[in-house]
Amino acid sequence: MASSLLKSKAYFVMLAGLLLLMFLAACGSATSSGSSSISTSNSSNGTHVHATPTPAEAALIKQMTFVGSPTAKIVSGTTFEVDGKIKNGDDKQHDIYVKVILLAAAGKQIATTTENVDNVKGGATVAYSIQGTTPQATWANVQVAVVKVTENIGSSGTD
């Protein structure tokens, strides 16, 4: 009787663990692209992005859209590169700050970097190529997000 109770408890624990593992895998399995207002900094180029955009900046961020899915690869050693396309949905030229996050299968952030996609004309779709460093050579997902947009018309922007 005690053996049967012990077996049923073991099966329950294994089933609960398996369900939890499946849930975590499902949460981290999709490549995500969208816009966000996440605070970040990139020490390699000194780019600092504010956590809370102004209402005008938030409206501009919503107009920037990713085209297709980003791709990521190791280019050498610990340097990764993420390539993709972004569309400036506004009619004015802007600098678009794109944040890249590499995630492990369980959803843990492995690496992040933010780069300026400079001088994107109004209505234009441009390719971007963003490089950063990672402590490990494999990841499960890549996320990209627009974290800042500045106006840059005739060098009147903040850069």
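The values are calculated or read from the model by the stated rules, or taken from the named source; none is laboratory data. Keep in mind that what you see is a predicted model, and the values were worked out from it rather than measured. Note: ideal-geometry Cβ built from the backbone for every residue, glycine included; neighbour counts use all protein chains shown. Please note that ligands, DNA and RNA were not included when accessible areas were found on the heavy atoms of the full protein model with its side chains. Shrake-Rupley method; radii C 1.70, N 1.55, O 1.52, S 1.80 Å.
For this structure, a couple of remarks:
- All positions within region 113-141 that are within 20 Å of LYS62 (Cα to Cα) and either out of contact with any strand residue (DSSP E or B) (no Cβ under 6 Å at 6 or more places or on another chain) or not hydroxyl-bearing (Ser, Thr, Tyr) (or both): GLU115, ASN116, VAL117, ASP118, ASN119, VAL120, LYS121, GLY122, GLY123, ALA124, VAL126, ALA127
- Test for GLN143: is it under 11 Å from the mean Cα position of the chain (by Cα) and open to solvent by 50 Å² or more (accessible area, probe 1.4 Å): yes
- Leading residue by the ranking (farthest from PRO135 (Cα to Cα)) among those in region 69-86 that are surrounded by fewer than 17 Cβ atoms within 10 Å (Cβ to Cβ) and within 14 Å of the chain's Cα centre (by Cα): LYS85
- Flag if SER155 is surrounded by fewer than 21 Cβ atoms within 10 Å (Cβ to Cβ), of a type in the set (Gly, Ala, Ser) and at pLDDT 95 or above: no
- Selection over region 51-109 of residues that are without any contact (Cβ under 8 Å) to a residue 60 or more places away in the chain and of a type in the set (D, E, K, R) gives a count of 9.
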